[in-house]
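Engineer: This is the structure I have questions about; it appears just below.
The values are calculated or read from the model by the stated rules, or taken from the named source; none is laboratory data. Please read these numbers as outputs of a predicted model, since none were measured by experiment. Cβ coordinates were reconstructed from backbone atoms using ideal geometry, including for glycine residues, and neighbour counts include every protein chain displayed.
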Amino acid sequence: MAMAPEPTGPAAGEAAPIAFEWSRLLRWDVAVGILLVAVFATGAGSTSDFASSSNLSFALNDIAEVGLIALPMTLLVVAGQIDLSVASMLGLASSLVGQLWDAGWTFETIVPVVLVVGVLGGLLNGWLVTSVGLPSLAVTIGTLTLFRGLASVVLGTEAVTQFPATYTDWVREDVPGTFVPYPIALFAVVAVVTAVVLHATGVGRSLYAIGSQEDAAFFAGIRVRRIKLVLFAVSGLFAAFAGIVYTLRYGSARADNGLGLEMVVIASVLLGGVDFNGGRGTLGGAVAGLLLIGILKNLLTLNDVTNEVQVIVTGLLLVLSVLTPRLVESVTTRRQSRALRAGDAPTPPPPSPRPGLSTRTG
Amino acid sequence: MTTRSTVRRRGTAATAVACALLVVAGCSGTTKDSEEDNTKPEKKTEATANPDAPIKEGLKVAFLPKQINNPYETIVDKAGMAAAKEYGGDAKEVGPSDASASSQVSYINTLIQQKQDAILIAANDPNAVCGPLQQAMDQGIAVVAYDSDTAKDCRQVFINQASSEEIGRSLVRNLGKQLNYKGKFAILSATQNATNQNTWIDFMKKELEDPKYKGMELVKVAYGDDDDQKSFQQTQGLLQAYPDLKGIISPTTVGIAAAARYVSDSSYKGKVVINGLGTPNQMRKYVKDGTVEQFSLWDPNDLGYLSSYTAAALASGQITGAEGETYKAGKLGEFTVGKDGEVILGPPTIFDKSNIDKYDF
């Protein structure tokens, strides 16, 4: 993993804690990865139909939309932001697809139009956060309601169906010779690109800097506003695209499509060890979290575990994912201070500044 | 060397662009109309029905309600599972905890993986569940819709709880008997353009054409918009406008409960007959205190029972879902598959003092 170069200026103090956090972070990523493998192995061993290629194809296809949205969401959360409006944007995109299709537009025109709407919605979020200076949590709670409302205005309570088979097949079928549905193949490609951006480019390092200490990042010459604006636009774009995929996969355009899906997206990202306060996390972790939630749900459903229990399991995992790194941190700190008292420790790193979300605006 | 690889790379890029263009050109102009022209030809069911085939032993039957823990659907599914026990099947109920359009899809996929013999579904969205259900049927799984239908070609049989005609006519028949075929009555409906309400009201009017109702007069159709407060006020308005009103039919559960509530606290109690479609839990106290003598609704137990037996008949090859096929559904007797694979449960059940405590929904 590429290390951030020594930041200059006020951000310099960050270098040591970041280096320290890296090693610990990796542990949680790896833990989620190991858990994923363990769940998979248990499933393959205990449930006869679990490891069949058709079941894996189903299980993967079920997380296609969540996955596509989770990628830009990871970047946002690393930068200390959040976009709660994604599922509503998915619904708005679905409504638009339905309405325009019903009005006789060609599907090839509908797709770019809907994607542009997604970008515009994302830019609205981004503008309110960066130029007006509102916290992203508040802004996107607002647009969550706004976009869902617009979706209902566009399509009302009806459902539009009968989409072109060429496209619905594309969304439902596997890449020949594999059990990977096309949307998941696309997800994999975008995930690799996102991982490269986050972990191997200057932009990625800027995101960590913004998430750790926004003011410091700004004074270090990072174009905080522009980066955030682009992130929100990309998030809107992917949410709209996920809306098209969702509409085709279920063959039904409705204003209430994807209701509450934003919580699954955020849960996946957080489960993967991406810190809600920003500045920490890896894309690999987020993808592992996503797969873990998807595989676990499929496995539990196959074993007739009721939905209530499934929700409890996911919830406990989520609490664990937030709690464990903190526990590790406090244990490490205590050990360090004990070592310090013994008098043979090197100078301890200063405590990492963890400003609250409210200071992370504009 | 460098040149060649550059050329090759350029060539690849050009090919990619050309392909992309071709794809776009090839697909451009996919509109709703062009799609409707090339709809797939109707699939012929190759399977033939053998009405004498016995119900197979140990059929795996799964109920997929709109949402789990909905008291009405719980009754339906429990009755269906009890029926499965009767014919030696192995039934279960699975489902989402929210009634959203697509939450049922992953459950259907799972049921396919589990190689169930039959899936019974109360669809949240007639089309969102279509793809997976067709896959299920392709793999020889019997698919029955109950309570809420899917699109026609996504299931083999739909169990309709009651025909619209039967609901409309029976409500007038019941009220007629209660009023001795004499007197004015009104209808308290839901919204002015609710399709099912208007269909029922049309059939009520047709039933009234029978000469035996010549002493009865429908004075007004009022609309309470399925809003408790508004239905309450409409009832009040009707009784003030027509002091000699003898009866009210409310073919909506919200309306009948509101009408009964108004009458139970007024001087009209015992003088005006309230009838219609209601649920036992909402209506119990009005039946007990004498405000309402009887009301109707289909029996969810029978709905579940019939659905379960229908699934077994399909999975055992007794029927294929084609019009005109007949089969036996345990204690409920013989049923016939109607047009579009619909099976009608029968006339609505009448609830009164004698049987209301047997129901909890």
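Engineer: Evaluate the following for A:Val269: is it under 30 Å from A:Val153 (Cα atoms) and under 12 Å from the mean Cα position of the chain (by Cα)? Give the derivation first.
Structural biologist: Working: under 30 Å from A:Val153 (Cα atoms): no; under 12 Å from the mean Cα position of the chain (by Cα): yes.
No; evaluated as a whole, the condition is false for this residue.
Engineer: Right, something else. How many residues does the range A:148-169 hold that are under 20 Å from A:Trp127 (Cβ atoms) and either within 11 Å of chain B (Cβ to nearest Cβ) or touching a residue at least 40 places away in the same chain (Cβ under 8 Å) (or both)?
Structural biologist: Quick first cut of the range A:148-169, residues under 20 Å from A:Trp127 (Cβ atoms) only: A:148-150.
From what is left, the residues that are either within 11 Å of chain B (Cβ to nearest Cβ) or touching a residue at least 40 places away in the same chain (Cβ under 8 Å) (or both) are A:148, A:150.
Here the count works out to 2.
Engineer: When you scan the range A:82-99, do you find a residue that is more than 21 Å from A:Leu259 (Cα to Cα), buried (at least 21 other Cβ atoms within 10 Å of the Cβ) and touching a helix residue (DSSP H, G or I) at 6+ places or on another chain (Cβ under 7 Å), even just one? It would help to see each step written out before you state the result.
Structural biologist: Taking the range A:82-99 and keeping what is more than 21 Å from A:Leu259 (Cα to Cα), we get none.
Looking through the range A:82-99, none of the residues is more than 21 Å from A:Leu259 (Cα to Cα), buried (at least 21 other Cβ atoms within 10 Å of the Cβ) and touching a helix residue (DSSP H, G or I) at 6+ places or on another chain (Cβ under 7 Å).
Engineer: Right, next: Hey, can you tell me all the residues within the range B:250-295 that are buried (at least 23 other Cβ atoms within 10 Å of the Cβ) and among the polar types (S, T, N, Q)?
Structural biologist: Within the range B:250-295, B:Ser250, B:Thr252, B:Asn275, B:Thr291 meet the criteria.
Engineer: If you check A:Thr140, A:Thr130, A:Thr145, which single one turns out to be among the polar types (S, T, N, Q), under 19 Å from the mean Cα position of the chain (by Cα) and more than 12 Å from chain B (Cβ to nearest Cβ)? I'd like the intermediate steps shown before the answer.
Structural biologist: Values: A:Thr130 fails: under 19 Å from the mean Cα position of the chain (by Cα); A:Thr145 fails: under 19 Å from the mean Cα position of the chain (by Cα).
Result of the check over A:Thr140, A:Thr130, A:Thr145: A:Thr140.
Engineer: For the range B:253-361, list the strands (runs of 3 or more DSSP E) that sit wholly inside it and hold at least 3 residues that are in contact (Cβ under 8 Å) with a residue 60 or more places away in the chain and assigned by TED's automatic domain parsing to the domain that holds B:Gln233; which are they?
Structural biologist: Details: elements: B:273-276, B:294-297, B:326-328, B:334-336, B:342-344, B:349-352.
Strands (runs of 3 or more DSSP E) meeting the threshold: B:273-276.
Engineer: Checking B:Ala79 against (1) within 14 Å of another protein chain (Cβ to nearest Cβ); (2) closer than 27 Å to B:Thr279 by Cβ; (3) out of contact with any strand residue (DSSP E or B) (no Cβ under 6 Å at 6 or more places or on another chain), which single condition isn't satisfied?
Structural biologist: So B:Ala79 meets the others, but not (1).
Engineer: Given the conditions (1) facing chain B (nearest Cβ under 10 Å); (2) in a helix (DSSP H, G or I), and given that A:Asn257 satisfies all but one, which numbered condition is not satisfied?
Structural biologist: Only one criterion in (1) facing chain B (nearest Cβ under 10 Å); (2) in a helix (DSSP H, G or I) is unmet by A:Asn257, namely (2).
Engineer: Can you tell me which residue among B:Ala145, B:Ala136, B:Ala162 is crowded, with 24+ Cβ neighbours inside 10 Å, more than 11 Å from chain A (Cβ to nearest Cβ) and hydrophobic (A, V, I, L, M, F, W, C)?
Structural biologist: Working: B:Ala136 fails: crowded, with 24+ Cβ neighbours inside 10 Å; B:Ala162 fails: crowded, with 24+ Cβ neighbours inside 10 Å.
Testing whether each residue is crowded, with 24+ Cβ neighbours inside 10 Å, more than 11 Å from chain A (Cβ to nearest Cβ) and hydrophobic (A, V, I, L, M, F, W, C) leaves just B:Ala145.
Engineer: Exactly one of these conditions fails for B:Ala122: (1) more than 8 Å from chain A (Cβ to nearest Cβ); (2) in contact with a Cys (Cβ under 7 Å, 6 or more places away or on another chain). Give me its number.
Structural biologist: (2)
Engineer: State which residue is farthest from the other protein chains (Cβ to nearest Cβ) when the search covers only the range B:91-113 and only residues that are over 16 Å from B:Thr74 (Cβ atoms) and among the small types (Gly, Ala, Ser).
Structural biologist: B:Ser103
Engineer: Another one. Quick one: which helices (runs of 4 or more DSSP H) sit completely within the range A:152-248 and have at least 1 residues that are surrounded by 17 or more Cβ atoms within 10 Å (Cβ to Cβ) and of a type in the set (S, T, N, Q)?
Structural biologist: Details: elements: A:165-172, A:182-200, A:202-212, A:214-219.
Because the criterion is at least 1 residues that are surrounded by 17 or more Cβ atoms within 10 Å (Cβ to Cβ) and of a type in the set (S, T, N, Q), the helices (runs of 4 or more DSSP H) in the range A:152-248 that meet it are A:165-172, A:182-200, A:202-212.
Engineer: In the range B:45-65, what residues are within 13 Å of chain A (Cβ to nearest Cβ) and assigned to a loop (DSSP other than H, G, I, E, B)?
Structural biologist: Step one: filter the range B:45-65 for residues within 13 Å of chain A (Cβ to nearest Cβ), giving B:60, B:62-65.
Passing the criteria: only B:Pro65.
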